[in-house]
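Just so it is clear, none of the values below were taken in a lab; they were calculated from the coordinates. None of the values given here were measured: they were computed from a predicted structure. No Cβ is skipped: glycine too gets one built from the backbone with ideal geometry, and neighbour counts run over all protein chains shown.
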Amino acid sequence: MAAIVRAWKLVLSMIVLGALAAEALPVFAHGERAQEPYLRTRTAHWYDVTWSADKLSVNQEIVVTGKFRLYSDWPDAVQLPETVFVSNATPGPVFARVDSYLNGVPARQSFRDLEVGRDYEYKMVLRARIPGRYHVHPMIAIKGSGPLVGPGRWINVGGTADDFNYSLTAISGEKIDDLETWGVSAALTWHSIWLVIAAAWILWWVRRPLLIPRYLALKKEREDLLTTDTDIKLGIVVLVVAVGLAFYGYNWAQSKYPRTVPLQAGTMYTPPLPVQSPVVKIRFQEAKYDVPGRSMRMVMDVTNISDKPLRLGEFATASIRFVNHQLPAAKANVAANYPAELVARNGLGISDDSEIKPGETKQIAIDATDAAWEIERLTSFLTDVDSKVGGLLFFFDPEGRRHIAEVGGPILPVFKKS
Ligand SMILES: [Cu+2]
C-alpha cells in the first residue's frame, strides 16, 4: 500500500512541477529575487517579521508573525488586493500549515477588499514535515497577479520524514491517526476501479482497426457496420455498471462519512489595522540609483506635523532594511535574530540627522547603499516598464515610539556620483 501511495505522490508532484515550470511562476524556488523592483518596492512592505525558531525537528512547530503595509502608489501592472490569500513561501510542502490568521481572523479562506495604504497583521503556525534547510517567507497571494513574498529566513529542520505525524480529533470525536494518510487508500481504491473500467472500455474499441475501415463504412453510408451486437450489449452493461457504481459509491461515502464539511469557498473580510495618526508630511523630490555604487539616493522634504521632535531611523524597501546606526531606538527596532543579509551593513546615510522640530520642514537626502541591491536583483530600474521606487520610513520620537510613513516616486539610474 505504502508503495502505491508513494508512486501516486511522485506522479502528482511531477504533474505539479510540470505545471509550475510551464507557467514560469515568478516565485519558483528563490523567486523573491526574480520579481521586478516595482513589484517588490511598491506592493506589500513587510515589517516586524518574526520567526519563533531557526532550528526545529519534524513535528515541531514554528510561528511566523508580522505586519505588512499595502503601498499607496500601487503599480498598475498588479491587480489591486481585492482577493488575497495569506500563505507561506517554502520550497514545496516541507511544512504543514496548521493555522493562519489575518488581523486575528482565521485565514483558511481568502480575504476580500484589502485596502492599499493600510496595514495588516498576520500569524501562521507551520509544522515541520521534511528535514532540510529551507528559506521560510510569509507570503500573500493576490488573485490575478500572483504571490508577493516577504523576507525569508533560513530554518533548519532535523529528524526524519517518516516520523511526521499529523493526528487530530474531528468535531465528531473521531480520532484521526495521521491526516496525511487518512482516507488516501479509499481514494486510491475508487480511482483504480474507475481507471480499470475506463481502460477496458477504451481497449475494447482500440483493439480493432479504428480509422480507415470505419471511414470507408461511413463513406458507403453503412453506419450499421460501425457497431456489432456485442458492442451494443457491452455498452449497455458498461452503462449499467457505471451508473450503479456511481450510485453505490455515493451511498458508501454517505454511510462511511455521514457528517462532512464541504470545501469552504466564500471570502472573509477584516478591516485593516487602525491608522496611526500621521506625524510627518513627506514631499518626494528625487531618487537616483547609482548603478556602479549600488546605492539609492533619495531627496525629500520632511515636515514634522507632530508636537514632538523626530528623527529618521530606518528606510525599508523590498524587505531590505537600511537602519540609522546613530539612533539607538532604530537599532533596537531590529530584532537580534533578524536575517543579517536583509539588514544593510552600512546602514542608512542621512544628510542631516539632527532632530526635526515640531512644525519644521527639513530637506533630507538619504543614501541607501548595499550589495543587497545587486544580490536581490533590484537594480533593473533602467529596464523596468515602471521605473518608480517606494519604501517605508520609520521615524522615532524621543520616547522611542515608531511612526511609519510612505515615500516614493520616479527613480533615475545614474552611472556616476552626482
Ligand atoms: Cu527565499
message = How long are the semi-axes of the equivalent ellipsoid of segment 262-345, taking √(5λ) for every eigenvalue λ of the Cα gyration tensor, in whole Å from largest down?
response = 29, 22, 17
note = For residue 352 and residue 98, extending 7 Å from Cα along the Cα-Cβ vector and measuring point to point gives, in nm, a value of 5.3
Distance (nanometres) between label positions extended 7 Å along Cα→Cβ at residue 77 and residue 48 = 3.1
message = If I take every Cα pair under 8 Å that is 6 or more residues apart in segment 280-414, average their sequence separation and divide by the length, what percent do I get for the relative contact order?
response = 34
request  = Please pull out the direction-averaged projected area of segment 116-244, using the convex hull of its alpha-carbon atoms, in nm² to one decimal place.
outcome  = 17.5
message = Relative contact order of segment 106-242, please, whole-number percent, based on alpha carbon pairs below 8 angstrom and at least 6 residues apart.
response = 12
request  = Please identify, among 263, 179, 56, the residue showing maximal mean-square fluctuation in a Gaussian network model of the chain using a 10 angstrom Cα cutoff.
outcome  = 263
task = Measure out, as a whole number of angstrom, how far apart the alpha-carbon centroids of segment 327-388 and segment 124-161 sit.
result = 26
query = Taking every pair of alpha-carbon atoms in segment 298-402, what share in percent sits in each 10 Å bin, from 0 to the bin with the longest distance?
reply = 14, 45, 30, 11, 0
remark   = Computed over the chain, the relative contact order (Cα-Cα under 8 Å, seq sep at least six) in percent reads 16
note = With Cα coordinates, the longest principal axis of the chain makes an angle with the long axis of helix 229-256, in degrees rounded to 10, of 50
key: Acute angle (nearest 10 degrees) that the helix 184-206 long axis makes with the longest principal axis of the chain, alpha-carbon atoms   = 50
note = The summed charge of the residue 69 Cβ neighbourhood (under 9 Å; Lys/Arg +1, Asp/Glu -1) stands at 0
query = Which value in deg cm²/dmol, rounded to the nearest 500, describes the helix-derived mean residue ellipticity at 222 nm for the chain, given -39,500 (n - 2.57) per DSSP H run of n ≥ 4 and division by the residue count?
reply = -7500 deg cm²/dmol
key: Check: the chain dipole with +1 on Lys, Arg Cβ and -1 on Asp, Glu Cβ, in debye   = 720
message = Quick check: pseudo-label points 7 Å beyond the Cα along Cα→Cβ at residue 166 and residue 109, how many nm apart are they?
response = 2.1
ask   = Which of the chymotrypsin sites (Phe, Trp or Tyr not before Pro) across segment 340-418 are loop residues per DSSP, with 14 or fewer other Cβ within 10 Å?
value = 415
remark   = A student asked for the Cα radius of gyration and Dmax of segment 242-288 in angstrom ought to give 27.8, 74
query = Based on the Cβ-Cβ distance from residue 133 to residue 275, what FRET efficiency comes out when R0 is 41 Å, to the nearest 0.05?
reply = 0.55
ask   = Taking amide hydrogens as modeled 1.01 Å from N in the peptide plane, which residues meet the under 5 Å criterion relative to residue 295, leaving out close sequence neighbours?
value = 290
Exceeding the 19 Å Cα-Cα cut-off - candidates 67/288; 281/308; 67/357; 331/357; 362/388; 281/362 = 67/288; 67/357; 331/357; 362/388
remark   = For segment 184-256, the Cα gyration tensor yields equivalent-ellipsoid semi-axes (√(5λ), largest first, whole Å) of 34, 14, 7
Segment 73-159, dipole about Cα centre (Lys/Arg Cβ +1, Asp/Glu Cβ -1), debye to the nearest 20 = 620
query = With springs only between Cα atoms under 10 Å, which of 303, 228, 270 fluctuates most in a Gaussian network model of the chain?
reply = 228
query = Local charge sum around residue 123 (other residues, Cβ-Cβ under 13 Å, Lys/Arg +1, Asp/Glu -1)?
reply = -2
inquiry  = Suppose R0 equals 60 Å. What FRET efficiency, 1/(1 + (r/R0)^6) with r the Cβ-Cβ distance, do residue 301 and residue 199 give to the nearest 0.05?
reply    = 0.25
task = Set Lys and Arg Cβ to +1 and Asp and Glu Cβ to -1, take the dipole of the chain about its Cα centre, and tell me which of 78, 39, 213 lies farthest positive.
result = 213
remark   = With no solvent term and unit scatterers on the alpha-carbon positions of the chain, Debye gives log₁₀ I(q)/I(0) at q = 0.11 Å⁻¹ of -0.92
query = Residue by residue through segment 388-402, which ³J(HN,Hα) values in whole Hz follow from phi under the Karplus form 6.51 cos²θ - 1.76 cosθ + 1.60 (θ = phi - 60°), with glycine and proline marked x?
reply = 10, 10, x, x, 10, 10, 10, 9, 10, 8, x, 7, x, 6, 9
key: Degrees separating the helix 2-23 axis from the principal Cα axis of the chain, which is the longest one   = 60
